[in-house]
1. Working from Cα positions, state the angle (0 to 90°, nearest 10) between the long axis of helix 44-56 and the longest principal axis of the chain.
2. Could you state the orientation-averaged shadow area of the convex hull built on the Cα atoms of segment 41-86, in nm² to one decimal?
3. Rank Gly105, Gly77, Gly178 by mean-square fluctuation in a GNM of the chain with C-alpha springs under 10 angstrom and give only the top-ranked residue.
4. Can you give me the distance in nm between label points at Lys70 and Glu187, each placed 7 Å from the Cα along the Cα-to-Cβ direction?
5. With everything on Cα atoms, drop me the angle between helix 62-76 and the longest principal axis of the chain, reported from 0 to 90° to the nearest 10.
6. How far apart, in nm, are two points set 7 Å out from the Cα along the Cα-to-Cβ line at Met83 and at Asp128?
7. In what order do Thr181, Thr161 fall by count of nearby beta-carbon atoms within 10 Å, going from fewest to most?
8. Which whole-number value in Å³ per residue fits the convex hull of the alpha carbons of segment 104-184?
Amino acid sequence: MKLSKFIVAAFISVFSLQVASANEYEAPLTDLANSQVKAWLNDAVVVDAIKAQNAKNAGLSQGDIDALDKQWRAETGASSQPMIEETLANALSAYLAGKKDASQGLFTEIFVMDNKGLNVGQSDVTSDYWQGDEGKWKNTFSKGAGAIDIGDVEQDESTQTFQSQLSIAIDDGGTVIGAITIGVNVEMLGQ
């Protein structure tokens, strides 16, 4: 009888986390953004990488962006991954991987996007290269300096954690140049 009560309690606890909305974590996620993450966004490695990619990709059409995204997606399952390897080898990706590692599990992934929503650097391989059609980019980049978007809490299949994506517009002197998205393990907030 005690075991069945324990199982029911565990199920209710897990179920309540699965259906939790981002609103339950909005205050601590916003605090995390303002107290910790925004300080990184002024680092030269972040700003310089975004500005360089914005200049390099200024002439890309939507067709070009779609082709790059298609190439990235194809490489995620391939043995040869030149586009992915080049991105993961840049200074910004190393910086973001260091931030993720230093978080001791609080951050499950971190990636920075340019003014078109294309990945500039990342701690881990993302499933796609173009984020410009997703809320994480639309709800930050187009909203202006300091804009924050908090995603719903979902179970991440790869890490088996409950996470919310925290996204923030990145500006240089008040002009938005890109955005960052951080997967946050909400079970570790406040620890």
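1. Helix 44-56 sits at roughly 50 degrees to that axis.
2. Result: 4.0 nm².
3. Between Gly105, Gly77, Gly178, it is Gly77 that shows the largest mean-square fluctuation.
4. Modelled inter-label distance: 4.0 nm.
5. Tilt of helix 62-76: around 50 degrees.
6. 1.3 nm
7. On the way: Thr181 24, Thr161 19.
Taking fewest neighbouring Cβ atoms as first place, the list is Thr161, Thr181.
8. Spread over its residues, the Cα hull of segment 104-184 gives 90 Å³ apiece.
Bear in mind these aren't lab numbers, they're just calculated from the coordinates by the rules spelled out. This one's a predicted model, so the numbers in the text were calculated from it and none came from an experiment. Cβ atoms come from the backbone with ideal geometry, glycine included; neighbour counts cover every protein chain shown.
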